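Asker: The structure's right below; bear with me while I get my questions together.
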Amino acid sequence: MVYKPAEDTYFLLDAVKDIEDNVLELGCGSCFVLSNIKAGFKVGCDLVKPYEIKNGIEFVLADCKNAPFRVNSFSYIIFNPPYLPSENIIDIAVDGGKGGIEVPLNFLKTSLSLIKKNGKIYFIVSSLSDYKTVELFLENMNLGYVKKEKKLFYEILYLYIVNFV
């Protein structure tokens, strides 16, 4: 199942829409975000091939946990991963694993090897997930970040912008 754009998608898009350099989106789903940003070189990676891939987007069918890209090859990496807490990952579009952070942390760890020096990583998690563990991971890795939030009636969405220096 491909995740349809929702509040979290638009929250991420608003933050990245003006990116003009090369960008990788892990778990790109329908490629909605990639198709709405300015970047000249756009790559999407996901376990499921989108129904339609618009011109200007390169797509790689792969597990984002082991994304098959060269080290230090992207200026920007973005992802809106599955982040809902689940004991078992049944619906890959929304189930984020234990605490809702298993998938986001895997994407983040993958991103750290693929991001160029002075690059940025943008990603979303929810107040329904164990987001404090994500923050602890970033702090233990000595990664500076900015955290923005968007309040919804049932949760708070957190957008992390990690500066990789």
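Values in this text are rule-based calculations from the coordinates and carry no lab data. From a predicted model like this one, the values you see are computed outputs, not experimental measurements. Positions of Cβ are generated from backbone atoms using ideal geometry, with glycine treated the same way; all protein chains shown enter the neighbour counts.
Asker: For segment 7-164, divide the Cα radius of gyration by the Kirkwood radius and give the resulting Rg/Rh value with two decimals.
Answerer: Rg/Rh for segment 7-164 comes to 0.93.
Asker: Now, a different point. What residues qualify as long-range amide H neighbours of L128, i.e. H under 5 Å apart, gap of 5 or more or another chain, H built at 1.01 Å from N?
Answerer: I156
Asker: Where both partners of a DSSP beta bridge lie in segment 7-164, what percent of those bridges are antiparallel, to the nearest 5? Mind showing how you got there, number by number?
Answerer: On the way: 16 of 36 bridges.
Close to 45 percent.
Asker: Note the full-extension length gain between F153 and K116 as 0.36 nm times their separation in residues minus their Cα-Cα distance, in nm to one decimal. Walk me through the numbers on the way to the answer.
Answerer: Working: separation 37, 0.36 × 37 = 13.32 nm, distance 3.69 nm.
Length difference between fully extended and current span is 9.6 nm.
Asker: Send over the per residue convex hull volume for segment 17-89, Cα only, as a whole number of Å³.
Answerer: Convex hull of Cα atoms, per residue: 100 Å³.
Asker: Once both labels are modelled 7 Å past Cα along the beta-carbon direction, what's the N140-A6 spacing in nm?
Answerer: Result: 2.9 nm between the two label points.
Asker: Continuing with this model, one more query. Taking the Cα centre of the chain as the origin, how large is its charge dipole in debye, to the nearest 20, when only Lys and Arg (+1) and Asp and Glu (-1) carry charge on their Cβ atoms?
Answerer: On the way: 18 positive and 20 negative charges, 95 e Å.
It comes to approximately 460 debye.
Asker: A further question follows. Counting helices only, and only those DSSP H runs with n ≥ 4, report the 222 nm mean residue ellipticity of the chain as the sum of -39,500 (n - 2.57) divided by its residues, in deg cm²/dmol to the nearest 500. It would help to have the intermediate numbers written out before the result.
Answerer: Values: 4 runs with 37 residues, N = 165.
The helix contribution divided over the chain gives -6500 deg cm²/dmol.
Asker: Report, ordered by chain and residue number, the aspartates and glutamates lying within cross-link reach of K49, taken as a straight Cα distance under 19 Å and ignoring same-chain residues fewer than 8 apart.
Answerer: Result set, ordered by chain and number: E25, E58, D63, D91, D95.
Asker: Quick one: compute the contact order of the chain, relative version, from alpha carbon pairs under 8 angstrom and 6+ residues apart, as a percent.
Answerer: Working: 366 pairs, mean separation 31.0, N = 165.
Dividing the mean separation by the residue count of the chain yields 19 percent.
Asker: In segment 31-165, with Lys and Arg counted as +1 and Asp and Glu as -1 at Cβ, which of these residues, Y76, L159, C64, has the Cα nearest the positive end of the dipole, that is, farthest along it?
Answerer: Positive-end residue among those listed: Y76.
Asker: Oh, and also: For K54, give me every one of the lysines with a C-alpha distance below 30 angstrom, ignoring sequence neighbours fewer than eight places off in its own chain.
Answerer: Filter leaves K4, K17, K38, K42, K65, K109, K116, K117, K120, K148, K150.
Asker: How much length is gained on full extension from N36 to K109, taking 0.36 nm per residue of separation minus their Cα-Cα distance? List each step's numbers first, then the result.
Answerer: Details: separation 73, 0.36 × 73 = 26.28 nm, distance 2.55 nm.
Between N36 and K109, full extension yields an extra 23.7 nm.
Asker: Fewest Cβ neighbours within 10 Å first, please rank S35, S111 accordingly.
Answerer: On the way: S35 18, S111 24.
Ordered from fewest to most neighbouring Cβ atoms within 10 Å, S35, S111 come out as S35, S111.
Asker: When a footprinting reagent is the concern and you count Cβ atoms within 10 Å, what order do V48, V146, V165 take, fewest first? Mind showing how you got there, number by number?
Answerer: Details: V48 15, V146 12, V165 8.
Ordered from fewest to most neighbouring Cβ atoms within 10 Å, V48, V146, V165 come out as V165, V146, V48.
Asker: Follow-up. Taking the Cα centre of segment 7-164 as the origin and placing charges on Cβ (Lys, Arg +1; Asp, Glu -1), which of P104, L143, P50 is farthest toward the positive end of the dipole?
Answerer: Selected residue: L143.
Asker: Between N88 and D21, what length comes free when the chain is fully extended (0.36 nm per residue of separation minus the Cα-Cα distance, one decimal in nm)? Numbers along the way, then the final one.
Answerer: Numbers: separation 67, 0.36 × 67 = 24.12 nm, distance 3.65 nm.
Stretched out fully, the N88 to D21 stretch lengthens by 20.5 nm.
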